Structure formats: structure tokens, C-alpha cells
Amino acid sequence: MNNILPAGLLIIICAPSGTGKSTLISLLRKDFPQFQFSISYTTRTPRPGEVHGRDYFFVSKEKFLELQKKDFFAEWAKVHENYYGTPKNAIFEALKQGKDLLFDIDVQGALQLKNNLQQGVYVFIFPPSLEELKNRLLNRATDSKEQIQIRLKNAQKEIEQASVFDYWIVNDDLKKAYLELKSIIIAEKLKPQYHPFLIKRILQK
Ligand code: ADP
Ligand code: 5GP
């Protein structure tokens, strides 16, 4: 019993591109600094300010496919023309050490992870409407018109798969959506499985 560590929470957050997932995750990372962030491998080129090993591990397509063949990824997917994958080792390490781990992955990846790990809390964030999603993508001004069309088409497919997620949040009002996301984490962390020593500690004389 003594060498049992409290279990870590695996939280997987998905949303169609432009919904506000990065905005919400950056708020979470400030409020929950104990959360580790699963750093994915990707074949896309780094954006200004992105750091290899902090934001992503940026690798060539050849390297990615070599790792994929070696069964290195817990899940992987082609998203908006690039490959992305979650390394298994970081998950096993976090589970071994009882650390909480946050995943920012797409819906295809979340479905694979749910199937492969059989654990975790899966949160889907909806935009208020496809029209508002388009406005956010246009206002963010980081993608070409063609990219925005691809993202909107993907958004529809992703939303159609939302029923397999454990929680749904609509990011209409950011403050409200963040409060809901935070509440999910707080409630999940109150489950007995995350407090294996509590009863023993309280009953100690
Ligand atoms: P994602 O990571 O899901 O692609 P971002 O976090 O980059 O999305 O957000 C897309 C854009 O929408 C950004 O310009 C962001 O400031 C804005 N945004 C995020 N949440 C809201 C909200 N609730 N209302 C209006 N705009 C929002
Ligand atoms: P971006 O290129 O904008 O950082 O991410 C594009 C999309 O890829 C986002 O929806 C993001 O959640 C997703 N993504 C990032 N890492 C992974 C990963 O390891 N696996 C999968 N399946 N998707 C990922």
C-alpha cells in the first residue's frame, strides 16, 4: 500500500480549430501549474515563437513515419495536412509518477487514445455556431482562406463525433466556458481514486 502513488488525471481537450481551445488551455496552465502538458510530435513547421521540445517536437515526415512504425505513439493522426502524434513514454511516465497530464489533440486522436488507454477525461469544446467559428478564424488571421475552408469542413465532421466525449462545453462567453472547464477538473480531482491515502490519514490517531 505504501508504494501506491495517487493516480494522475489524464485530461484530453478537443475542439474544432478556431473555437478557443488554446485560449482556454493557456488559462488552465496558469491556474493548474502542476499539470504536465503532453508534448506532441509534428511534421508541421514551427510558427514564430514556438520552441522545439516545449510546444512540439518538430520532426520530418520520414522521422515521424519511422517512429510510428516503431509503435512510439499512443495515437497519431493527419490533421490539416500534417502528421501529429502523442508519444507513449510521456503518458507512462506521468502515470507511473501519479502526475496530471493535459492533452491538446484532435478528435481522431482523442478517439484512439480513449480506445487505447481506456482511461482519461474527454472534454469537447463547441463553438457557438459555424458562422461564429468562421468569424473567429478570420479575426485570428493566422490561416489562409483555403485553410479556413478546410478547418470549417473538418469542424463539421468533428462536431458530429462529439457524442463520445464525457463533457461538453460551448465557448460562447469565454469567462463562462473557462469556469466550466475548471469545474470539470476540480470535480474530477475530488474522486476517491485520486486520494488513496485520505481515509487512512483521517482515521490516524
Ligand atoms: P483554437 O486553439 O481552438 O484554434 P484560439 O484559442 O486560437 O482557438 O481562438 C481562436 C480565436 O478566437 C482567437 O482570436 C481568440 O482570441 C478568439 N476567442 C477565443 N474564445 C473566444 C470567445 N469566447 N469569444 C470570442 N472570441 C474568442
Ligand atoms: P496546431 O498545428 O494548430 O498546433 O494543431 C492543429 C491540430 O492538431 C489541433 O487540433 C491540435 O489539437 C491537434 N494536435 C496537436 N497535437 C496532436 C497530437 O499529438 N495528436 C493528434 N491527433 N492531434 C494533435
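The values are calculated or read from the model by the stated rules, or taken from the named source; none is laboratory data. None of these values were measured; they are calculated from a predicted model. Cβ: placed from backbone, ideal geometry, glycine included. Neighbour counts: every protein chain shown.
Summary table below
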quantity	calculated
Residues located in the stretch 153-191, provided they are part of a helix (DSSP H, G or I), within 14 Å of ligand 1 (Cβ to nearest atom) and in contact (Cβ under 8 Å) with a residue 60 or more places away in the chain	Asn154, Ala155, Glu158, Ile159, Leu174, Ala177, Tyr178, Leu181
Members of the stretch 123-173 that are aromatic (Phe, Trp, Tyr) and within 13 Å of ligand 2 (Cβ to nearest atom)	Phe124
Matching entry among Val107, Val59, Val123 (being among the β-branched types (Val, Ile, Thr) and within 27 Å of His195 (Cβ to Cβ))	Val123
Pairs where the first residue, in the stretch 75-93, is closer than 10 Å to Arg44 by Cα and the second is exposed (fewer than 13 other Cβ atoms within 10 Å of the Cβ) and β-branched (Val, Ile, Thr), C-beta under 9 Å, 6+ apart	Asn82/Thr45
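Residue-wise test of (1) under 18 Å from the mean Cα position of the chain (by Cα); (2) among the hydroxyl-bearing types (Ser, Thr, Tyr); (3) modelled with pLDDT of 95 or more.
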site: Ile12; (1), (2), (3): yes, no, yes
site: Ser17; (1), (2), (3): yes, yes, no
site: Pro33; (1), (2), (3): yes, no, no
site: Ile39; (1), (2), (3): yes, no, yes
site: Glu50; (1), (2), (3): yes, no, no
site: Gly53; (1), (2), (3): yes, no, yes
site: Phe57; (1), (2), (3): yes, no, yes
site: Ser60; (1), (2), (3): no, yes, yes
site: Lys70; (1), (2), (3): no, no, yes
